[in-house]
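One structure is given below, encoded as structure tokens.
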Amino acid sequence: MKIVGGKWSNWSGGVTCKPRKIVAPKDEVDLAAAVRQAEGPVRAPGTGHSFTPLCASDGTLIDLSAFTGLKNLDKEAQVATLAAATPLWQVGPLLHAQGFGLKNMGDIDRQTLGGVVGTGTHGTGRTLKSFSAEIAGFRLLLASGEVIHCTANENPDIFAAGRTSLGMLGVMTEIAMYVRPAYKLR
Ligand SMILES: Cc1cc2nc3c(=O)[nH]c(=O)nc-3n(C[C@H](O)[C@H](O)[C@H](O)COP(=O)(O)OP(=O)(O)OC[C@H]3O[C@@H](n4cnc5c(N)ncnc54)[C@H](O)[C@@H]3O)c2cc1C
């Protein structure tokens, strides 16, 4: 994703837009205010690796680059909670430092966690699941600015739909992923 002179373009440059406003909230409180005040269609891109015009808007574009990092690691349950715009290339080292790793990967690591979950990005292997399938829960900021927590037991319908929602249900701020102890890949 590139933002130059108020113009946004995706990874290939094949999709571009010039939103009325580009906002870069620092935290959830800022993000809620930005969404409530937003004009026109609101889009929250990851790194713009999608080829289709999922993130293009002439309204408001939300730059989530402040939403990165490991928030919590439950070693017993093997669940890592990460800020939703953490790029995959940062997730590996963050988990490895704690003795854990992602279960699967796509062919590149530039995308954000929110983007791969939003699109059902897959990795490889007959028995390994997509990113969306390895989610334990997420925090979702709705159009009203309200934040809800979604798991298989809490808001289960939104949890199921949110796992490949193309950004339509709101903005994910944190995503909890099932992980596994660190391993050597041969
Ligand atoms: C070189 C290359 C290699 C690729 N390899 C693979 C591959 O191996 N396997 C595969 O399945 N796909 C692959 N893709 C596709 C890519 O993984 C997906 O398009 C993925 O969505 C990109 O993530 P992103 O962060 O760039 O998301 P974006 O393209 O920026 O956004 C995708 C969607 O997710 C939404 N979204 C992003 N963040 C959030 C958030 N925090 N909350 C709510 N919604 C959000 C956006 O609004 C948008 O609707 C590849 C693409 C490229 C260009």
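The values are calculated or read from the model by the stated rules, or taken from the named source; none is laboratory data. Note that the coordinates shown come from a computational prediction; the quantities given were computed from them, not determined experimentally. With ideal geometry, Cβ positions are generated from the backbone for all residues, glycine too; neighbour counts draw on all protein chains shown. All accessible areas refer to the heavy atoms of the entire protein, side chains included, with ligands and DNA or RNA removed. Shrake-Rupley method; radii C 1.70, N 1.55, O 1.52, S 1.80 Å.
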Problem - Highest-MSF residue in the chain out of T112, T52, T173 [GNM, Cα springs under 10 Å] - result: T52
Problem - Column: log10 I(q)/I(0), Debye, Cα scatterers of the chain, q = 0.13 Å⁻¹ - result: -0.64
Problem - Probe 1.4 Å, accessible area per residue of segment 70-181, Å² - result: 50
Handout entry: GluC sites (Glu not before Pro) within segment 60-152, DSSP loop, no more than 14 other Cβ atoms inside 10 Å
Key = E76, E146
Practice task
Determine ³J(HN,Hα), in whole Hz, for all residues of segment 178-186 in sequence, where each value follows from phi through the Karplus function 6.51 cos²θ - 1.76 cosθ + 1.60 and θ = phi - 60°; x replaces Gly and Pro.
Solution key: 6, 10, 9, x, 3, 8, 9, 8, 9
Fill in the blank from the handout: Expressed in angstrom and ordered largest first, the alpha-carbon extents of segment 134-186 along the principal axes are 46, 21, 15
Fill in the blank from the handout: Loop-resident trypsin sites (Lys or Arg not before Pro) in segment 1-56 with no more than 11 other Cβ atoms inside 10 Å, DSSP not H/G/I/E/B, are K26
Practice task
Compute the separation of the alpha-carbon centres of segment 156-181 and segment 77-137 and state it in Å as a whole number.
Solution key: 12
Practice task
Whenever you get a sec, compute what percent of the accessible area on segment 2-62 sits on carbon and sulfur atoms (1.4 Å probe).
Solution key: 56
Problem - For segment 147-154, 3J(HN,Hα) per residue [Karplus equation, 6.51 cos²θ - 1.76 cosθ + 1.60, θ = phi - 60°, Hz, x = Gly/Pro] - result: 10, 10, 9, 10, 9, 4, 9, 10
Handout entry: Where Rh is the Kirkwood radius over Cα pairs, Rg/Rh for segment 2-62
Key = 0.96
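Quote the relative contact order of the chain in percent (integer), defining contacts as alpha-carbon pairs under 8 Å separated by 6+ residues.
20
May I have the count of lysine pairs in the chain with C-alpha atoms under 13 Å apart, counting pairs 8 or more residues apart or located on different chains? Write down the numbers at each step before the final one.
On the way: K2/K18; K7/K18; K7/K21; K103/K129; K103/K184.
For the chain, the number of qualifying lysine pairs is 5.
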Exercise for the section: Using a 10 Å Cβ count of at most 12 others and DSSP loop calls, identify the longest part of the chain lacking such chymotrypsin sites (Phe, Trp or Tyr not before Pro). Expected result: 52-182
